[in-house]
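None of the figures in this text is laboratory data; all of them are computed from the coordinates on show. Because the structure is predicted, anything quoted here is derived from the model rather than measured. As a convention, Cβ positions derive from the backbone with ideal geometry for all residues, glycine included, and neighbour counts pool all protein chains shown.
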Amino acid sequence: MIAIGSDHGGYELKEHLKKYLDEQRLEYHDYGTYSCDSVDFPDYAELVCRSVIENKTDRGILICGTGIGMSIAANKIAGIRCALCSDIMSARLSKEHNNANVIALGGRVLGKEYAVEILNTWLKTDFLGGKYNKRNDMITNIESCYLGGK
Ligand code: RB5
């Protein structure tokens, strides 16, 4: 199950990506927003990422105007590895090397069809494991050192 969420800046792209998910028969839960009315992106980053770390969903898609705010907010949550992707190679490597469990996309930055290609690559690529486990563990160690920090 995939979690998907956006703010108003990502709403149109979210709706477009949902059509792709439907075509692929991939199950998702849409955590909003549900219109172009202005909202605050951290609320949606939190909803989507919470569902991932609570194992209600196994991966998440976040969309705001640039993807930047969503990715910053998502990466504050322990256990989330959110990759802001604007190209296909980054989408592939964010899975192969970083085992990203959330992707952030920019609705005002990406063409809709290119965003579908980026998402398709991300969803269909697997983590390589091996030496990349160690590096991910190092990130988790940093995370635990600074939990609750300022
Ligand atoms: C909202 O106007 C915009 O700031 C937001 O969608 C996002 O781009 C933030 O990073």
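Here are the numbers for this structure:
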| item | result |
| --- | --- |
| Burial ordering of LYS131, LYS76, fewest other beta-carbon atoms within 10 Å first | LYS131, LYS76 |
| Under-5 Å amide H pairs with ARG59, H placed in peptide plane, nonlocal only | ALA3 |
| In nm, spacing of pseudo-spin labels at ASP137 and TYR114 (7 Å Cα→C-beta vector) | 3.9 nm |
| Alpha-carbon Rg with Dmax, taken over segment 97-150, Å | 15.0, 40 |
| Separation of the GLU27 and MET89 label points, Cα + 7 Å toward Cβ, nm | 3.7 nm |
| Nitroxide proxy distance, nm - points 7 Å out along Cα→Cβ at LEU128 and CYS145 | 2.5 nm |
| Whole-Hz ³J(HN,Hα) from phi, Karplus 6.51 cos²θ - 1.76 cosθ + 1.60, for segment 110-125, glycine and proline x | 9, x, 4, 6, 5, 4, 4, 5, 4, 5, 4, 4, 4, 5, 9, 9 |
| Nonlocal amide H pairs with VAL39, under 5 Å, H built at 1.01 Å | HIS8 |
| Lysine pairs within segment 2-146, Cα separation less than 22 Å, 8 or more sequence positions apart or different chains | 21 |
| In sequence order, calculated HN-Hα J values of segment 29-42 (Karplus, 6.51, -1.76, 1.60; Hz; x Gly/Pro) | 10, 8, 8, x, 6, 10, 7, 7, 5, 5, 9, 9, 4, x |
| Assigned charges on the beta-carbon of Lys, Arg, Asp, Glu; segment 2-146 dipole about Cα centre (debye) | 520 debye |
| Inverse of mean 1/r across different Cα pairs in the chain, Kirkwood, Å | 15.2 Å |
| 222 nm mean residue ellipticity, helices alone, for the chain (DSSP H n ≥ 4; -39,500 (n - 2.57); rounded to 500) | -14500 deg cm²/dmol |
